[in-house]
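Notes to accompany the following structure.
The values are calculated or read from the model by the stated rules, or taken from the named source; none is laboratory data. Note that the coordinates shown come from a computational prediction; the quantities given were computed from them, not determined experimentally. Cβ placement follows ideal geometry from the backbone for every residue including glycine, while neighbour counts extend to all protein chains displayed.
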Amino acid sequence: MRYLHGSNKEALASALIAETTRAFEARVGDRFRIALTGGSTATTLYPALANTPIDWRAVDIFFGDERCVPADHPDSNYAACKLAFLDAVVAAGAQVFPVNGELVPEEGARDYARTLREVCDGVLDVVHLGVGPDGHVCSLFPGHRLLSEEHALVRSLDDSPKPPPSRVTLTLPALRRARSLWVMAFGPTKVDKIRDALRGDTTLPLTLAVRTHPNVLWFVDEHNLASFDTPS
Ligand code: 6PG
C-alpha cells in the first residue's frame, strides 16, 4: 500500500498530477481510462489536473458515480468536473463519457454499463474514490443491498441515504476490475472511517473496495495521515 501526503491542496494537486502522468506513461493499452469522483476532490484538486503533461487525446474519462439529475444541475458530478477542468482537457482531445442522469435510473445504469463494456471492456486504469464521512465510496453506502452485487459493473439506486436519492454507481465488481484505485481522503470528517478501513472493518464500503485490491494509492491530508502512522 502506498500513500501520498500533502499538507495543502497545492501539494496534493502536484501529487495527483505526478501520479496521473506516471500512470498514463505506464498504461497497459493505447488508451488511458480514468473514472472521476465528485465532492471536494472535484472542486479543489481537479482544476490543477488540466495541467497534467500527458497526451489527452489518448484519455477516456468516466465517472465513478452520478446523481440522476440533468448534466447542468448543481448536484451533477459531471457539472462539477466540467467546471473544474473537463472543458480544458476536452479541448486537448480527451473523450468524456458522462452518465445520462436524465434516464430512469435503472436504464441509466444499463446504458452506462453498456458504454463501459464497449469502450474498455469494463476495465478502468484508475478510479478516483472520494470517501464520505460514513465510509461510502462512489454511491455504495454502508448496509446497502448494492454491496452484495456480484456481477453487474454499474447499478442504480433510488434510496441513497445522502441526497439526492436516485443515483447510478460503479459496483464493487467494477472497482475490483480496475487496475488501480486512488482514494482521496481530505478533511477531518472521515478520519475515523479511514482508520477503521485500514483496520479491516468490513461494514464499510471503503474497506470492501480496497482490502483485496492489489493496487491502492491513498492521497491524504494531515487530518488523515495519523491513521497511517498508527495502524493497529
Ligand atoms: C456524492 C459525493 C460523495 C463524495 C464523498 C466525499 O455523490 O454524494 O460525490 O460521494 O465523493 O462524500 O466528499 P468530500 O471529498 O467532499 O468529503
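For this structure, a couple of remarks:
- For Tyr112: the one exception among (1) over 19 Å from Ser156 (Cα atoms); (2) out of contact with any helix residue (DSSP H, G or I) (no Cβ under 6 Å at 6 or more places or on another chain): (1)
- Within region 122-137, tally of residues that are under 26 Å from Val28 (Cβ atoms) and either within 7 Å of the ligand (Cβ to nearest atom) or touching a helix residue (DSSP H, G or I) at 6+ places or on another chain (Cβ under 7 Å) (or both): 9
- Any hit, region 214-231, residues being within 15 Å of the ligand (Cβ to nearest atom), free of Cβ contacts under 8 Å to residues at least 60 places away in the same chain, within 28 Å of Arg117 (Cα to Cα) and surrounded by 18 or more Cβ atoms within 10 Å (Cβ to Cβ): no
- When region 54-85 is filtered for residues that are within 13 Å of the ligand (Cβ to nearest atom) and either in a strand (DSSP E or B) or of a type outside the set (A, V, I, L, M, F, W, C) (or both), the ones remaining, listed by number, are Phe63, Gly64, Asp65, Glu66, Arg67, His73, Pro74, Asp75, Ser76, Asn77, Tyr78.
- For the residues Ala209, Ala152, the requirement of being in contact (Cβ under 8 Å) with a residue 24 or more places away in the chain, of a type outside the set (S, T, N, Q) and not in a loop (DSSP other than H, G, I, E, B) singles out Ala209.
- Positions within region 164-176 being in contact with an Asp or Glu (Cβ under 8 Å, 6 or more places away or on another chain), within 14 Å of the ligand (Cβ to nearest atom) and not in a strand (DSSP E or B), in sequence order: Pro164, Pro165, Ser166
- Scanning region 1-43 for residues that are modelled with pLDDT under 95, of a type in the set (Ser, Thr, Tyr) and in a loop (DSSP other than H, G, I, E, B) gives a single hit, Ser7.
- Verdict on Arg179 being surrounded by fewer than 21 Cβ atoms within 10 Å (Cβ to Cβ), under 20 Å from Phe62 (Cα atoms) and away from the ligand (no atom under 14 Å from the Cβ): yes
- Residues of region 25-53 that turn out to be among the hydrophobic types (A, V, I, L, M, F, W, C), more than 16 Å from the ligand (Cβ to nearest atom) and buried (at least 20 other Cβ atoms within 10 Å of the Cβ), as a count: 1
- Scanning region 182-213 for residues being hydrophobic (A, V, I, L, M, F, W, C) and away from the ligand (no atom under 16 Å from the Cβ) gives a total of 1.
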